[in-house]
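One structure is given here, and the rest of the page talks about it.
The values are calculated or read from the model by the stated rules, or taken from the named source; none is laboratory data. Everything numeric here is computed off the predicted structure, so don't read it as measured data. A quick note on method: Cβ atoms are made from the backbone with ideal geometry, for glycine too, and the neighbour counts reach across all protein chains shown.
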Amino acid sequence: MTDAPAEPQPLEIVLYPDPFLRKRARELTPAEFKSGQADGWSLAELVERMRVTMYANEGVGLAGPQVGVGLRIFVADDSKDNTGFFAVFNPKLEELDGALNEEEGCLSIPDVRAKVKRAQTLVLRGLDVRGEAFEKNADELLARVCQHETDHLDGVLFIDKIGMMAMHRLHKKLDALKADYERLRKLRGKPGAK
Ligand SMILES: [Zn+2]
């Protein structure tokens, strides 16, 4: 088995309240798609590593800032058997319609779940890894994932969108995450994402 290609390695998830999660990610340029490179990343390798990171953490979506990458990319798969994978760059959400109030979580905010009101259906438009047009109709869970991940690209977290009662209920969990983060930050001796 010496000739088998190396499995892509999962990336480390940036955890709340890391300030990197609050930064707006930037769009990729046509030149970057042409070269297949941005911010020192091969775009194809970035997609692969985000894919394995999402599956390793049993997520349904993962955005660039969650792995310390300040580029407008997210990956998602709302299927039960890992057959629905896609990656989208420079995503735009259009034709949003309807409303659903369902429970949501986030790989960057472990063990915290709360109901968030989201559009029920939308059309996701963006670019694929080669910079070619990508379009997908999304409803229910997938529409929710698209909205959650696009929020990440704007530095917005789902806990920003929950009601006061839910915030009150989750206060202790969020404080515990803040304390964990501070402990780790002191251990590593520097703030922010790696
Ligand atoms: Zn998230």
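Laid out as a table, the results:
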| read-out | value |
| --- | --- |
| Filter result for the condition that a residue is exposed (fewer than 15 other Cβ atoms within 10 Å of the Cβ) and in contact (Cβ under 8 Å) with a residue 24 or more places away in the chain, over K186, K178 | K178 |
| Sole exception among (1) over 30 Å from A44 (Cβ atoms); (2) touching a Lys or Arg at 6+ places or on another chain (Cβ under 9 Å); (3) part of a helix (DSSP H, G or I) for D151, by number | (1) |
| Matching entry among A6, A87, A114, A63 (being touching a His at 6+ places or on another chain (Cβ under 6 Å) and not acidic (D, E)) | A63 |
| For F33: the one exception among (1) modelled with pLDDT under 95; (2) assigned to a helix (DSSP H, G or I) | (1) |
| Where a residue in segment 70-92 is β-branched (V, I, T) and its partner, wherever it lies, is in a strand (DSSP E or B), with Cβ under 6 Å and at least six apart | I73/F89; V75/L62; V75/A87; V88/G126; V88/F134 |
| Qualifying positions in segment 73-111 - within 14 Å of the ligand (Cβ to nearest atom) and at positive phi | D111 |
| Residue in segment 123-143 that is exposed (fewer than 15 other Cβ atoms within 10 Å of the Cβ), in a helix (DSSP H, G or I) and away from the ligand (no atom under 13 Å from the Cβ) present | yes |
| Complete set of residues in segment 23-72 that are within 16 Å of the ligand (Cβ to nearest atom) and at positive phi | E58, G68 |
| Hits in segment 38-51 - residues which are surrounded by fewer than 15 Cβ atoms within 10 Å (Cβ to Cβ) and either under 16 Å from the mean Cα position of the chain (by Cα) or more than 11 Å from V129 (Cβ to Cβ) (or both) | D39, G40 |
| Given (1) loosely packed, with under 14 Cβ neighbours inside 10 Å; (2) farther than 26 Å from A176 by Cα, number of the condition D111 does not satisfy | (2) |
| Cross-chain or 6+ apart pairs with Cβ under 6 Å, segment 35-62 first and farther than 24 Å from I109 by Cβ and touching a residue at least 24 places away in the same chain (Cβ under 8 Å), then hydrophobic (A, V, I, L, M, F, W, C) and in a strand (DSSP E or B) | A38/L71 |
| Residues that are within 11 Å of the ligand (Cβ to nearest atom) and either under 11 Å from P17 (Cα atoms) or aliphatic (A, V, I, L, M) (or both), drawn from segment 154-192 | V156, L157, I159 |
